[in-house]
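The values are calculated or read from the model by the stated rules, or taken from the named source; none is laboratory data. Bear in mind the structure is a predicted one, so any value in this text is a computation, not a measurement. Positions of Cβ are generated from backbone atoms using ideal geometry, with glycine treated the same way; all protein chains shown enter the neighbour counts.
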Amino acid sequence: MMRPSKLRPRDTLRVAGTGLKARPLRAVLSALGIAIGIAAMVAVVGISASSRAEIDQQLRALGTNLLTVEAGESLRGEPARLPEDSVDMVARIGPVTAVSAIGAVDDAFVYRNDRIDEFVTNGIVTMAARPDLLRTVGGEVAYGRWLDDALAAYLTVVLGATTAERLGISPTDGSVAVWLGEQWFTVVGILDPAPLAPELDAAALVGWPIAEELLGYDGTPTRLYERSPEAQVEDVRSVLAATVNPENLEEITVSRPSDALAAQAATDETLTTLLLALGGVALLVGGIGVANTMVIAVLERRSEIGLRRALGATRAHVRIQFLGESVLLAGLGGIGGAVLGGMVTAVFGASRDWPFALPLWVLAGAAAATILVGAIAGAYPAARAARMSPTSALATV
Amino acid sequence: MSRDTDTGASEAATNGEDAVAELTGVVRTYPGHPPVRALRAVDLRIERGELVGIVGPSGSGKSTLLNIMGTLDRADAGTVRIDGHDVSTLTDRQLSALRAHRIGFVFQQFFLAPGVSALDNVADGLLYTGLPLAERRRRARQTLERVGLADRMHHRPNELSIGQGQRVAVARALVGRPAILLADEPTGALDSENGAAVLDLLDELHASGTTIAVITHDHVIASRLPRQVRILDGQVDADEGAGG
């Protein structure tokens, strides 16, 4: 019969924004709670994604085709060693492209100088290293040079990253010597941390020949490193133990260090979930703040509600206005929070030289969360505004 | 049945009625202890094009009468016909539509939106008709010119004098070309000079065919109007100048 009251979608948006424009400070303050919650959640996910991206990048650079072979303990409980010729035997496996080894040199400890108490070993292990070790594990020299064939026969040592730190030797110290196995060894290089061979970090590496000659080393390797084309890693893995030590298979442990690195990223997820839940609590508190603001707004704006009803607004129009205002308020916080969270991720990542990674689903999730929180927070105040009778709304001045 | 006519005259003609508002035996009681009988059997008929003063002391029920004529409140008994519609048969949504299209309100406190220009305050009178913003502003501009505020369109309420503010409120009520304009103490917040100016404006609007009901407690104001309905204790006490 009659043309119904109608509020255009664009006008609905405009009307929903009037309350925020009228009291901008209040809008900002009540959106702040939502912003903090969203920022926390975005930053947690962003930082964990960036850390994973960093590990992925590392793995891409280091390769995931490295296998290590380790001698465990023999059945009689003695520390087992690999056969002296195991390196050559592994090299003869068809797909193997590179192989190298280290051997622990027992009873040869490293000290900054000859006056240090012999019991203060700092947990540093002396190891004999083959010249091709660094290339095989994908390690890098931070300072100086690696033990090539020429240096391997002299009293020279290359320190792992942690070892250099524990001995208090920094690259700027110039030429230094350390007291190693009752001899002075010249430090010729310091390594970067080796993510695929973390055992090198706390080691002092000497040449194979000098270890045999002066440190009483018997020449048996304790750990082999081997690379093969990615597609054949599992094939190689299946024959590796038998190749190295066909008689005592149970003493051999074959592992893939890149798996450990990836697993480390996965364990971080528990912490991420916990932090995410904390961000969720902040978001909830922010939502309660928005609900509170909206309840007050409805009480304060009774005459506006009455006027709108007199101008022809239906209950639904009043409800959508306040619901819209609540969603806008929460959305304002959501946008602010997403920007803040992104900035925190970027700054934190930059401070650790991580690549910036913020998955799109996080932003979509943040948007959905704020709309949901805004709608829930606004539902009751909006219903109250809609229920208000026009005469009582107009009478309160 | 509406054909979107401007004055509503042809619509009334199809209904066979000339009354814009027709109240018969209207009763309104507010619950309480004891209940307040704000209106007891009020009969009132306002013809198209009339300028009526509804006058009575405070507590006489004249504000209740205005709310019922404006469909902001419903009668407990009796029939209320506004612009040909029996209000008791309409849903809340239909009443909202009736207010959006056929009824204009002028309140004593103006209720202008602060921080919003006079033009947009007036355009908001058409907000719930669903007209596009550009069209609402176009009509608001015309209406502001009509009430003599052509040079105040972009002023905000706090930049207007109190008399100008009330004229903006009148323009907002008028912009939808309502069948009836309901003014609740339109001069109540104004000094005598501004009050007179608003009354002159209402006279002008009346002369150009607008149906207006003015609610006031002021007999001096009421006496200026062609017809005065006196309300006392929820009943029509006197109806002077009716039909004239």
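With the structure loaded, tell me whether B:Arg99 is facing another protein chain (nearest Cβ under 8 Å) and charged (D, E, K, R) or whether it fails that test. Here the answer is yes, as B:Arg99 does meet what is asked.
When the stretch A:239-264 is filtered for residues that are part of a helix (DSSP H, G or I), over 17 Å from A:Ala98 (Cα atoms), of a type in the set (S, T, N, Q) and touching a strand residue (DSSP E or B) at 6+ places or on another chain (Cβ under 9 Å), nothing remains. I'm trying to understand the selection: among the residues of the stretch B:182-194, which are buried (at least 24 other Cβ atoms within 10 Å of the Cβ) and under 9 Å from the mean Cα position of the chain (by Cα)? Of everything in the stretch B:182-194, those that are buried (at least 24 other Cβ atoms within 10 Å of the Cβ) and under 9 Å from the mean Cα position of the chain (by Cα) turn out to be B:Leu182, B:Ala183. Here the condition is being surrounded by fewer than 23 Cβ atoms within 10 Å (Cβ to Cβ), among the basic types (Lys, Arg) and more than 12 Å from chain B (Cβ to nearest Cβ); of A:Arg60, A:Arg3, A:Arg14, it holds for A:Arg60 alone. If you check B:Gln108, B:Gln94, which single one turns out to be surrounded by fewer than 24 Cβ atoms within 10 Å (Cβ to Cβ), in contact (Cβ under 8 Å) with a residue 60 or more places away in the chain and within 13 Å of another protein chain (Cβ to nearest Cβ)? Result of the check over B:Gln108, B:Gln94: B:Gln108.
Only one of the numbered conditions (1) over 31 Å from the mean Cα position of the chain (by Cα); (2) away from every other protein chain (no Cβ under 14 Å) is not met by A:Gly19, and that is (2).
For the stretch B:39-58, the set of residues classified as within 14 Å of chain A (Cβ to nearest Cβ) and either surrounded by fewer than 24 Cβ atoms within 10 Å (Cβ to Cβ) or at pLDDT 95 or above (or both) consists of B:Ser58 only.
Can you spot a residue in the stretch A:177-190 that is in a helix (DSSP H, G or I) and of a type outside the set (Lys, Arg)? Within the stretch A:177-190 (the criterion being in a helix (DSSP H, G or I) and of a type outside the set (Lys, Arg)), the answer is no, since none of the residues qualifies. When residues of the stretch B:121-133 are filtered for being crowded, with 21+ Cβ neighbours inside 10 Å and either more than 8 Å from every other protein chain (Cβ to nearest Cβ) or closer than 17 Å to B:Ala183 by Cβ (or both), how many remain? Within the stretch B:121-133, residues that are crowded, with 21+ Cβ neighbours inside 10 Å and either more than 8 Å from every other protein chain (Cβ to nearest Cβ) or closer than 17 Å to B:Ala183 by Cβ (or both) number 5. Filtered by the rule that a residue be over 18 Å from the mean Cα position of the chain (by Cα), away from chain B (no Cβ under 14 Å) and buried (at least 21 other Cβ atoms within 10 Å of the Cβ), the stretch A:349-397 gives A:Ala366, A:Ala369, A:Thr370, A:Val373, A:Gly374, A:Ala377, A:Gly378, A:Pro381, A:Ala382, A:Ala385.
Flag: B:Arg136 does not match the condition of being crowded, with 17+ Cβ neighbours inside 10 Å and more than 14 Å from every other protein chain (Cβ to nearest Cβ). The number of residues in the stretch B:145-164 that are under 28 Å from B:Leu95 (Cβ atoms) and either among the small types (Gly, Ala, Ser) or in a loop (DSSP other than H, G, I, E, B) (or both) comes to 1.
For the stretch A:72-86, filtering for residues that are of a type in the set (Ser, Thr, Tyr) and at pLDDT 80 or above leaves 1. In the stretch A:271-278 there is at least one residue matching the filter, namely being more than 29 Å from A:Pro195 (Cβ to Cβ) and in contact (Cβ under 8 Å) with a residue 12 or more places away in the chain. Scanning the stretch A:305-348 for residues that are within 14 Å of chain B (Cβ to nearest Cβ), crowded, with 21+ Cβ neighbours inside 10 Å and charged (D, E, K, R) gives A:Arg308, A:Arg309.
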